[in-house]
Amino acid sequence: MAVSAAIYGLEGLALTPDEGAFFRDAEPWGFILFQRNCDDPEQIRRLVDELRTLTGRADTPILIDQEGGRVQRLKPPKWRAAPPAAAFGALCKSRPQEGREALAINTALIGAELAALGINVDCLPVLDVPQEGAHDIIGDRAYAKDAAAVAQLGRVACDALMSTGVLPVIKHIPGHGRALADSHFNLPVVDAPRDALEQIDFAPFRALRDMPLAMTAHVVYTAIDPDNCATVSPTVINEVIRGDIGFDGLLMSDDLSMKALKGSFSERTERALVAGCDLVLHCNGDMDEMTAIAGVTPTLSGAASVRAAAALARLKPAAPFDVAQAQARLQALMIG
């Protein structure tokens, strides 16, 4: 079945007639949910079922950002408050084995919650390595300030998530940890020399290059391409992401509606796809913006189609998992 190279958000808790008509016509590869789309488990399951009925694909990717800490679309009291990534990095410093176990349990609990709702893709782990003086948009969303620790814990999180039947998205490739600005509002420019980027920023992504999905960084690296952020840079995508890092999975842009990007939405879309992104991601549900994107988004084909199929082929049935027992063990580990 032909699908377009796009992932879209939607406005509210249920599909509007206009959204239904647009999505039927646009045939996106997948959808992404935000807090505005999530009220309670029954409503989310109903919405997810409606989206998959619309596409006619039982494995239609339904994405969410459920990291824990500050970035958690499903919130208490209806869902568990998961700790931020940095809590597990901190625990690993004093109790490495228990820290890794705690992260595996926590991520599996997140995955189990999502799988129960029909959500099959989670935009984690954050593999960025924060540097001193950087903007706190990453901050405690990162596991550690050491590239090797980030890579090791990122692997633990990916394995745990996939054990629940949910795919991970490694982000923000090739690295957002040095950014002095929040790309939601401004374009970050990183002036670090290439050897420093290679040794630190790119290293966790290289270590997890076998993962099925990745999301780009709206960040300029002047040592590689001083004129374009990674999302719209053929040099960064081909030379660094596909080349040096060796990532051959499905590459999606970060949100096209973020203010780090300039130009019309059709221009943003074309630039990202021409640069080498397999898919474009648009999150805010604005119909005019989505219509402009859909007008220039091609059918997923060629290598991108192969990567998309390979990613979905890695969706496996969840392993047996006792949620109550896992929650008790996690609490014991975090208390110490």
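The values are calculated or read from the model by the stated rules, or taken from the named source; none is laboratory data. Quick caveat, the model's predicted, so the values are computed rather than measured. Using ideal geometry, Cβ is built from the backbone for each residue, glycine included, and neighbour counts are taken over all protein chains shown.
Check D25 against each of (1) within 22 Å of D278 (Cβ to Cβ); (2) part of a loop (DSSP other than H, G, I, E, B); (3) among the charged types (D, E, K, R) and name the one condition it does not meet.
Going through (1) within 22 Å of D278 (Cβ to Cβ); (2) part of a loop (DSSP other than H, G, I, E, B); (3) among the charged types (D, E, K, R) one by one, D25 breaks only (2).
Checking the condition part of a loop (DSSP other than H, G, I, E, B), closer than 22 Å to P168 by Cβ and aliphatic (A, V, I, L, M), which residue from L251, L315, L281 passes?
L315 is the lone residue from the list that is part of a loop (DSSP other than H, G, I, E, B), closer than 22 Å to P168 by Cβ and aliphatic (A, V, I, L, M).
A quick yes/no check of all residues on (1) assigned to a strand (DSSP E or B); (2) out of contact with any strand residue (DSSP E or B) (no Cβ under 9 Å at 6 or more places or on another chain); (3) more than 22 Å from P234 (Cα to Cα):
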| residue | (1), (2), (3) |
| --- | --- |
| S266 | no, yes, no |
| E270 | no, yes, no |
| V274 | no, yes, no |
| C277 | no, no, no |
| G285 | no, no, yes |
| D288 | no, yes, yes |
| I293 | no, no, no |
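A104 - would you say it is more than 25 Å from R155 (Cα to Cα) and crowded, with 18+ Cβ neighbours inside 10 Å?
no
Take the conditions closer than 26 Å to G12 by Cα, surrounded by fewer than 20 Cβ atoms within 10 Å (Cβ to Cβ), of a type in the set (A, V, I, L, M, F, W, C) and in contact (Cβ under 8 Å) with a residue 12 or more places away in the chain and apply them to M287. Does it pass?
Here the answer is yes, as M287 does meet what is asked.
Would you check which residues across region 97-133 are at pLDDT below 95 and touching a Gly at 6+ places or on another chain (Cβ under 6 Å) and list them?
Result: Q131, single match.
Filter region 83-100 for residues that are part of a loop (DSSP other than H, G, I, E, B) and buried (at least 20 other Cβ atoms within 10 Å of the Cβ) and give the result.
The answer is P84, and nothing else.
Which of the residues belonging to region 174-201 are within 16 Å of V236 (Cβ to Cβ), among the charged types (D, E, K, R) and assigned to a loop (DSSP other than H, G, I, E, B)?
Matches in region 174-201: R178, D191.
Any idea which of (1) over 22 Å from S301 (Cα atoms); (2) without any contact (Cβ under 8 Å) to a residue 40 or more places away in the chain; (3) within 16 Å of the chain's Cα centre (by Cα) is the one M258 doesn't satisfy?
Failed condition: (2).
Out of D25, D39, D49, I need the residue that is surrounded by fewer than 17 Cβ atoms within 10 Å (Cβ to Cβ), in contact with a Leu (Cβ under 6 Å, 6 or more places away or on another chain) and not aromatic (F, W, Y). Which one?
On the way: D25 fails: in contact with a Leu (Cβ under 6 Å, 6 or more places away or on another chain); D49 fails: in contact with a Leu (Cβ under 6 Å, 6 or more places away or on another chain).
Answer to the check: D39.
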